[in-house]
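The values are calculated or read from the model by the stated rules, or taken from the named source; none is laboratory data. Since the structure is predicted, the reported quantities are computational estimates derived from the model, not experimental observations. Note that each Cβ is placed from the backbone with ideal geometry, even for glycine, and that neighbours are counted across all protein chains shown. Note: accessible area is taken over every heavy atom of the protein model, side chains too, but ligands, DNA and RNA are not part of it. Shrake-Rupley method; radii C 1.70, N 1.55, O 1.52, S 1.80 Å.
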Amino acid sequence: MSETTTTQFHPSQWWTSSGLSAKGKIGTAAVALSLLLVTAVVWTSPTIDISSADELLSVEMTEEERLRAEVAQLRAELDAQDESDYVALLEGPQEGKDSGALLAPPATSRSGSRSGDSGSSGAGTTTAGFSGSGTSSSGAPDSSGAPGGGASSSDGPANPSNPPLPDGPSTPPATPGKPGTPKPKPVTAPSKAELVSPSERYYGMYTAQSPFNWAVFDDVASKTGVLPDLVGYFDGWDRNFRPHAVTRAWEREMLPVLTWESRPFSAANDQVNEPDYSLPKIIDGEFDSYLRRYARDVAALGLPLGIRLNHEMNGVWYPWSEVDGQGNSINGNSEGDFVEMWRHVHDIFEEEGAGDLVIWIWAPNIVNNLPAALQGPATLERLYPGDEYVDWVGLSGYYRPPYRADQTPTFSYTFDRSLDQLRDLTDKPILLAEIGASEVGGQKPAWVTSFFEGLTQPKNADVLGFAWFNLAVTTYSGGERVTNDWRVDSRRDSLASFVRGLADPRTRMGGSPFPAVAAASAPVEAPPAEVGTAASPGLPADSSTEDEDAGPEAGRPAGEDGAPAEDATASEREGAEDDEGTDPTGDEETARAPAPTATPEAAATAGARP
């Protein structure tokens, strides 16, 4: 059995243990001293409240989450601004326009009776709680149009689509208020009584996307030197009231005028068969819920607007017309239905409290180009609802091909016959609610000069203004395609004539001075081609439409991207921008060069077209 040697260890002798060298002893002592110091510091330090640290961390996380939520909200708001020009401001000038036109502030109104700061009764402010954009309970019909019988003796639709509007929410989303942020100034407007009897004539304009986007609108104002005080736009009965259109107009002290068509917004203007929107169905109450909701929304907004309901009813190209030139029914309608429909809609607005906010505008087409059986005064007499249902009467009238042998580029030829019939019918003020002139034939400057001269004649003192249709379109006339450039700046000499007319004090035109935006000079361009050779995509390839089917005097725009009118789809009309400076037909030889800025001084010396 082996022996085992045992060495006993005593704690008191660890320091002198033979297992440690001198250096080891010193290192061990240093470690022990460090531990003692750390222990002393910990036990003598102030108590740390761990819960407070958690609270600080929680506050930091809450602030970060709030900032993230604000960024997300801002992004959502920007995405929803398709009805505003804020997108244009963020992304830069659109359509090749100088940014000054887009950023220029609204000018003060020259008409005291139309001041946006008027404290008169009828002023209102924007409110929430509208139905918003969408489809009515009636829905949009699935119908395809065909020209109504008897259209062969009239001109038919000149422009197969209406000015485009963006599709989106009727009002921008609400922005959470922050402490210290000033409240927006309430939007106000004059009373209906002041608007119906203005001190100056209204100067109005239709452009692509206005009043939801002012890019083109302001570009025109920069070239004429005058900001219009009336803005027109179109909408259909498959879409609810859009209060943002009205508030945006009144923010710039402009009277908004809605052309309200009892058919889907996307319908083509040569589509007369809309059985789901016939006059008898409206009269029988099938649209009453939609109409009452619309009227309530107008009343809730509290701002006035003009409504041009189912215009050009004396023609044969719309589904609310009654009969054609042979007396055949259009869209299931009968004589007397239009008046009954008008009174029915009017009465609903009265019942819902919107009567004091709507200027009702009854506006037929000029009679010159209607079927012979519809040109007489009996037609307008049959269609007029009565003075108690109408505030203004109006006219659509254009100088455009095909020209008659006796036609002259004058105010008198275009409007006199129709004005005489209106004056025999009523004493109501007259708005030339939709007008324009084509460059085809080279007589547009002469017609524009005659137009403004006509406004100075004493017999036309009851004409309280006009609204110019400022788009270029292509239509099918005489079996061939014709491009009608209605724009006031279609050519330098046309623009010069327009500017001279606006500046003539005898015309008593309203509007506000607008700071002109300098434009690069451009040579006087060649006149647009009168016809093309391509068949209209809107008609069969072998179609041979004669002059009588070419379109009504009333104009409509092409797709807002400048494409031929027949090619404009509903989606194109909703979202694209009007492509100024390009030829709507796509033919390089007819491309339009930008017109320079015109002022009254420059207009007097502007060169004429060669």
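In a shell of Cβ-Cβ distance under 10 Å around Arg308, excluding Arg308 itself, what net charge do Lys and Arg (+1) and Asp and Glu (-1) give?
Result for the local shell: -3.
Let me check I've understood the local charge: for Lys428, count other residues with C-beta under 10 angstrom from its C-beta, Lys and Arg +1, Asp and Glu -1. What total comes out?
Within the 10 Å Cβ shell, the charges total -3.
Work out, step by step, the length gained on full extension between Asp462 and Leu35: first 0.36 nm times the residue separation, then minus their alpha carbon distance; give nm to one decimal.
Values: separation 427, 0.36 × 427 = 153.72 nm, distance 10.44 nm.
Additional length available on full extension: 143.3 nm.
Residue by residue, what Karplus-based ³J(HN,Hα) values in Hz, rounded to whole numbers, does the range 259-266 have, using 6.51, -1.76 and 1.60 with θ = phi - 60° and x for Gly and Pro?
8, 9, 9, 7, 6, x, 4, 7
Find the relative contact order for the range 299-383 and round it to a whole percent, using C-alpha pairs within less than 8 Å whose residues are 6+ positions apart.
Relative contact order of the range 299-383: 40 percent.
Which ³J(HN,Hα) values in Hz, rounded to whole numbers, follow from the phi angles of the range 425-440 under the Karplus curve 6.51 cos²θ - 1.76 cosθ + 1.60, where θ = phi - 60° and Gly and Pro get x?
For the range 425-440, the Karplus curve yields 8, 7, 9, 5, x, 10, 10, 6, 6, 7, 9, x, 9, 8, 7, 4 Hz.
Counting only other residues whose beta carbon sits under 13 Å from that of Ala373, what net charge do I get with K and R as +1, D and E as -1?
-2
Suppose all protein chains stay in the model; what accessible area per residue would a 1.4 Å probe give for the range 394-438, in Å²? It would help to have the intermediate numbers written out before the result.
Working: 1490 Å² over 45 residues.
In whole numbers, the range 394-438 has 33 Å² accessible per residue.
Of the listed peptides 370-381, 426-437, what is their order by residue-averaged count of other C-beta atoms within 10 Å, with the highest listed first?
On the way: 370-381: 17.3, 426-437: 24.2.
Result, highest mean Cβ count within 10 Å first: 426-437, 370-381.
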